[in-house]
Amino acid sequence: MAKVSAPFLSLDASGTVASTLTASKWKGRNYMRLRIIPANPQTSGQQDVRSILGTLAKSVRAVLTSYVDTAHVGSPFFVAARDGAPSGQSWVSWYQKTMYPLFGDEVTAYAGVSGTNHGYYQTHALASGLADYTDKAGVVHDAGEQLFMLAFFATTYLGITVAGGYLTPTNEAAVTAFAADVHLTV
């Protein structure tokens, strides 16, 4: 690696020259390197990953965090997820890493939920601020499915319960109570 003490006769340099050389810093020292454009092949596997992570990222928008909460506490879901996240990891990344391999199974499980329970999840998801999301593959993940993903994560990893279980809530009040755990303050 070439070490440059005064690139282009200056004390500091930044940017790219002639689309070939880029001025950079390494451990506080200036140097010049070839400009590299990262590959973005848009493979089907890459698109699948982006679709799943995008859907999961949209679902966490319903969670009331301590930053948005006027009391600076957050919802019970947020508190449990934040406190349960592994050391050095945010609760969102923990949620995404945990749910990524389970995503297909939970989409299938949601498709098998009765129409009534579908309605409960959809109604409360919309009330919590979620919206239908169309992923990179053109598949629509409705707001209820996103709340369903949060319900699965909450019951499996956070110890938050949905009366009757997240697959078959006993009634609308069970989904209402879970949505309150996600969206309302402690």
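FYI, it's all coordinate maths here, none of it is from the lab. The structure displayed is predicted, hence computed values, not measured ones. Reconstructed Cβ throughout: ideal geometry from the backbone, glycine too, with neighbour counts over all protein chains shown.
Overview of values
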| quantity | calculated |
| --- | --- |
| Residue-averaged [θ]222 nm for the chain, counting only DSSP H segments that reach four residues, each worth -39500 (n - 2.57) | -13000 deg cm²/dmol |
| Computed E for Asp48/Lys27 - FRET, C-beta separation, R0 35 angstrom, nearest 0.05 | 0.40 |
| Using θ = phi - 60° and Karplus 6.51 cos²θ - 1.76 cosθ + 1.60, couplings along region 59-76 (whole Hz; Gly, Pro as x) | 5, 6, 5, 6, 6, 7, 8, 5, 6, 8, 5, 5, 8, 6, 10, x, 7, x |
| Ranking of Ser44, Ser128, Ser75 by count of other Cβ atoms within 10 Å, fewest first | Ser44, Ser128, Ser75 |
| Exposure proxy ranking, count of Cβ atoms within 10 Å, fewest first, for Trp26, Trp94 | Trp26, Trp94 |
| Whole-Hz ³J(HN,Hα) from phi, Karplus 6.51 cos²θ - 1.76 cosθ + 1.60, for region 94-107, glycine and proline x | 5, 4, 5, 5, 6, 7, 3, x, 9, 4, x, 5, 6, 5 |
| Amide H within-cut-off set for Leu21, under 5 Å, with H built and near neighbours excluded | Arg35 |
| Whichever aspartates and glutamates have a C-alpha closer than 12 Å to that of Lys58, once near sequence neighbours (fewer than 8 apart) are set aside | Asp132, Asp135, Asp142, Glu145 |
| Residues Thr176, Thr170 arranged by fewest to most Cβ contacts within 10 Å | Thr170, Thr176 |
| For Cα Rg over 2.2 N^0.38 Å, calculated from these coordinates, the label among (1) 1.41; (2) 1.55; (3) 1.97 | (1) |
| Phi-based couplings in Hz for region 128-144 (Karplus 6.51, -1.76, 1.60; Gly and Pro marked x) | 8, x, 7, 9, 4, 10, 9, 7, 4, 8, x, 7, 8, 10, 6, 4, x |
| Long-range HN-HN contacts of His141 with modeled amide H, under 5 Å | Tyr133, Thr134, Asp135 |
